[in-house]
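Shown next, in structure tokens, is the structure this report addresses.
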Amino acid sequence: MPNNKPAIGEDLSQKTTASLNGKNSLTITDNRTGKQYDVKIENETIRAMDLRQIKVRDDDFGLMTYDPAFMNTASCISRITYIDGDKGILRYRGYPIEQLAEKSNFLETAYLLIYGELPNKVQYEEWANNVMMHTLIHENVKKFVDGFHYDAHPMGMLISTVAALSTFYTDAKNISNPESRALQIYRLVGKMPTLAAFAFRHSVGRPYVYPDNDLSYAGNFLSMLFKMTELKYRINPVLEHALDVLFILHADHEQNCSTSAMRNIASSHVDPYSATAGAASALYGPLHGGANEAVLQMLDEIGSKSNIPAFVKAVKEGKGKLMGFGHRVYKNYDPRAKVIKKLADEVFEVTGRNPKLDIALELERIALEDDYFVKRKLYPNVDFYSGLIYQAMGFPVEMFPVLFAIGRTPGWVAQWEEMLLDSEQKIARPRQIYLGRDAREYTMMGKRPQEKKPKSEA
Ligand code: ACO
């Protein structure tokens, strides 16, 4: 790590050493035994391990909490991203997403996420140079891309090739060495667009375009995607800016499915390429990175503004969902959707208006006035407009989660670094409630029931 960077992280365990005081505690009565316990409340949270003292007998395991899908469990202390879903607030390291989208650029925002502060000029130039110096990939990685079938999904290619990087950079397993970690971060942020662009070029049968480091991060990506026979790709500054802003909006979103996957996998101290491949796999799923594709399909199905009332009626009757609406955390307008809506106008001035935009705008207007959506606090999320922009820029829908993965990489590596420096973290290992069979004797095959189909236990 160069000397002029701010120190990453601090001892997070310091937060938890405050002494128990009467007001900031929870008194629990165990009605099985009549015993009372005081449990410390800190940051509006109790520690699950404090419940283990609650036992009926001395040799009991102790009380656990059951929380499928982690609906109410904090798995870490983090200082990276803040979300207030009720108020529609998203901040990276304290900076509102709206200000970063307007004033920053993706590489600067990536630096902010990873190192905790906005860079000065020297720090920015050094960081940007280090990232752009690592955009090239080993020629053998290209052969992996060559090996994929012509219709392979680009996200599958990205996941496989980023995992393969761990075999090229064997130094990456030195995760306790700060210099080695810094190098892997440059490589990951630098190479993701190249892997993504090569996957895209392979799927359309075009020759690969090598990185051009005279260009910006987003500009170089556009060049690697769309350059044909011209010597230098001429970038449209509006599209370059739009892509950069979209990357900023996707750069982190605290402990979402893919980021939790990154932390979980990396908690075994595996190298960051393997962990990033796992995080990208989580992102590939339609409940996470694939909703903007579903929005486009929905707008196609609706077909015209006159069909919207019938479509909304069907949604209210439980026949399908209004895709791009609703969010587990945001119970207000997703702040990213507001920025994207503005961006759409700029992009469509260059590309021509995506005809689906009129349907989307009318759909939003009707839904936001409808009691069903108002009562349930269903507002447009980041995916409602992003697919329209990507499509207008010439991206096929299969590339949507790939674009998301490029944007999210700084968030993944920032969370990885924070996890490694957190003295409270260990290998992730949830508990379970075992409701299966008690101990029983092994039965020889000839003595087992003779049903044809295997019996499943739910
Ligand atoms: N359209 C219609 N009704 C909806 C929608 C929707 N998009 N979303 C939620 N509801 C309804 C539910 O049916 C439920 O109604 P009920 O109380 O009458 O049963 C109520 O609103 C609460 O919904 P939940 O499913 O409990 O909300 P949850 O927080 O579990 O789900 C989710 C959030 C998955 C995002 C959901 O809103 C959804 O499926 N939206 C559409 C898909 C989508 O746009 N996903 C992208 C999310 S953003 C991202 O991942 C980057």
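The values are calculated or read from the model by the stated rules, or taken from the named source; none is laboratory data. None of the values given here were measured: they were computed from a predicted structure. Counting neighbours? That spans all protein chains shown, and the Cβs are built from the backbone with ideal geometry, glycine included. In case anyone asks, the SASA skips ligands and DNA or RNA and just uses the protein heavy atoms, side chains included. Shrake-Rupley method; radii C 1.70, N 1.55, O 1.52, S 1.80 Å.
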Regarding residue 315, is this residue assigned to a helix (DSSP H, G or I), more than 24 Å from residue 252 (Cβ to Cβ) and more than 10 Å from the ligand (Cβ to nearest atom)?
no
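Yes or no, residue by residue, for (1) in contact (Cβ under 8 Å) with a residue 24 or more places away in the chain; (2) closer than 30 Å to residue 345 by Cβ; (3) open to solvent by less than 30 Å² (accessible area, probe 1.4 Å):
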| residue | (1), (2), (3) |
| --- | --- |
| 188 | yes, no, yes |
| 208 | yes, no, no |
| 221 | yes, yes, yes |
| 228 | no, yes, no |
| 247 | yes, yes, yes |
| 264 | yes, no, no |
Could you check how many residues of segment 263-290 are in a helix (DSSP H, G or I) and within 16 Å of the ligand (Cβ to nearest atom)?
6
In segment 373-401, residues that are closer than 15 Å to residue 323 by Cα, assigned to a helix (DSSP H, G or I) and within 11 Å of the ligand (Cβ to nearest atom) total 5
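Looking at segment 235-248, is at least one residue within 13 Å of the ligand (Cβ to nearest atom) and part of a helix (DSSP H, G or I)?
Yes, that holds for at least one residue.
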Output for segment 78-92, where each listed residue is part of a strand (DSSP E or B), of a type in the set (Val, Ile, Thr) and within 15 Å of residue 410 (Cα to Cα):
81
Determine whether residue 72 is within 21 Å of the chain's Cα centre (by Cα), surrounded by fewer than 12 Cβ atoms within 10 Å (Cβ to Cβ) and over 20 Å from residue 410 (Cβ atoms).
yes
Return yes or no: is residue 267 of a type in the set (Ser, Thr, Tyr) and not assigned by TED's automatic domain parsing to the domain that holds residue 131?
no
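Go through segment 291-311 and report how many residues are among the β-branched types (Val, Ile, Thr), more than 9 Å from the ligand (Cβ to nearest atom) and touching a residue at least 60 places away in the same chain (Cβ under 8 Å). Let's see the steps before the verdict.
First, pick out the residues of segment 291-311 that are among the β-branched types (Val, Ile, Thr): 295, 302, 308.
In the following step, the residues that additionally are more than 9 Å from the ligand (Cβ to nearest atom) were identified as 302, 308.
Filter once more, keeping what is touching a residue at least 60 places away in the same chain (Cβ under 8 Å): 302.
Of the residues in segment 291-311, 1 are among the β-branched types (Val, Ile, Thr), more than 9 Å from the ligand (Cβ to nearest atom) and touching a residue at least 60 places away in the same chain (Cβ under 8 Å).
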Residues being in contact (Cβ under 8 Å) with a residue 60 or more places away in the chain and surrounded by fewer than 21 Cβ atoms within 10 Å (Cβ to Cβ) - total across segment 230-245
3
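Could you say which residue among 303, 290 is open to solvent by 30 Å² or more (accessible area, probe 1.4 Å) and under 24 Å from residue 361 (Cβ atoms)? Full working, then the answer.
On the way: 290 fails: open to solvent by 30 Å² or more (accessible area, probe 1.4 Å).
None of the other options fit; the residue is 303.
Take the conditions open to solvent by 50 Å² or more (accessible area, probe 1.4 Å), among the hydrophobic types (A, V, I, L, M, F, W, C) and closer than 23 Å to residue 241 by Cβ and apply them to residue 136. Does it pass?
No; evaluated as a whole, the condition is false for this residue.
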Is it the case that segment 147-160 has a residue that's surrounded by fewer than 21 Cβ atoms within 10 Å (Cβ to Cβ), among the small types (Gly, Ala, Ser) and more than 30 Å from residue 194 (Cβ to Cβ)?
no
Can you name the residue in segment 37-65 that is in a strand (DSSP E or B) and among the acidic types (Asp, Glu) and, of all such residues, is least open to solvent (accessible area, probe 1.4 Å)?
42
May I ask you to list pairs of residues, at least six apart or on different chains, whose Cβ atoms are under 7 Å apart, with the first in segment 322-333 being among the β-branched types (Val, Ile, Thr) and the second being more than 8 Å from the ligand (Cβ to nearest atom)?
329/83; 329/85
What is the one condition in (1) assigned to a loop (DSSP other than H, G, I, E, B); (2) within 29 Å of residue 222 (Cβ to Cβ); (3) more than 10 Å from the ligand (Cβ to nearest atom) that residue 332 does not satisfy?
(2)
Please go through segment 296-332 and pick out each residue that is under 29 Å from the mean Cα position of the chain (by Cα) and of a type in the set (S, T, N, Q).
297, 332
Residues in segment 439-458 that are at pLDDT 85 or above and part of a loop (DSSP other than H, G, I, E, B) total 9
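Provide a single number: the residues in segment 118-131 that are in a helix (DSSP H, G or I) and open to solvent by 70 Å² or more (accessible area, probe 1.4 Å). Even if it seems obvious, please write down each step before you answer.
Going through segment 118-131, the residues in a helix (DSSP H, G or I) turn out to be 121-131.
Keeping just the survivors that are open to solvent by 70 Å² or more (accessible area, probe 1.4 Å) gives 121-122, 125, 129.
The total comes to 4.
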The lone exception for residue 259 - which of (1) open to solvent by 40 Å² or more (accessible area, probe 1.4 Å); (2) within 16 Å of the ligand (Cβ to nearest atom); (3) at pLDDT 95 or above; (4) closer than 23 Å to residue 153 by Cβ it fails
(1)
